[in-house]
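Some notes on the structure that comes next.
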Amino acid sequence: MKYEVKLYPRAYRDLDDIYSYIAKNLTEQGTAEKLVSDIEDAIFSLEQFPERGSVRRTGIYADKGYRQLFVGNYTVIYRVYKEEREVHIVTVRYAPSRF
């Protein structure tokens, strides 16, 4: 049975900001579209696999029941509500790899 994925207003703004920054500042509209599409695909994969991301252990959302999913240089931060069968997407943050 699927989970319902809900994006908070902040997550929508984050996706818009990611697109705008890459498309306008870096003049790479195709890259922006592909990246946002990849992030959205990852987000909606949580309908089937809500706990596929790791437990968040750093930052403001650490150790409070939040999970994280990495897509390129971005981190999707979310929370799973099992009883309601919902996944709440809180924010999408830029998090460049340190490797």
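The values are calculated or read from the model by the stated rules, or taken from the named source; none is laboratory data. In this text, all values refer to a predicted model and were calculated from it rather than measured experimentally. Cβ: placed from backbone, ideal geometry, glycine included. Neighbour counts: every protein chain shown.
For this structure, a couple of remarks:
- Any hit, region 79-93, residues being in contact (Cβ under 8 Å) with a residue 24 or more places away in the chain, among the aromatic types (Phe, Trp, Tyr) and touching a strand residue (DSSP E or B) at 6+ places or on another chain (Cβ under 9 Å): no
- Odd one out for TYR19, checked against (1) under 20 Å from LYS2 (Cα atoms); (2) of a type outside the set (Gly, Ala, Ser); (3) in contact with a helix residue (DSSP H, G or I) (Cβ under 6 Å, 6 or more places away or on another chain): (1)
- MET1 satisfies every condition listed in (1) at pLDDT 95 or above; (2) among the aliphatic types (A, V, I, L, M); (3) exposed (fewer than 13 other Cβ atoms within 10 Å of the Cβ) except (1).
- Residues located in region 1-10, provided they are among the charged types (D, E, K, R) and either in a loop (DSSP other than H, G, I, E, B) or in contact with a Lys or Arg (Cβ under 6 Å, 6 or more places away or on another chain) (or both): LYS2
- Residue in region 1-21 that is farthest from ASP41 (Cα to Cα), counting only those that are acidic (Asp, Glu) and free of Cβ contacts under 8 Å to residues at least 60 places away in the same chain: ASP17
- THR58 being farther than 18 Å from THR91 by Cβ, out of contact with any Ser or Thr (no Cβ under 8 Å at 6 or more places or on another chain) and either modelled with pLDDT under 95 or among the acidic types (Asp, Glu) (or both): no
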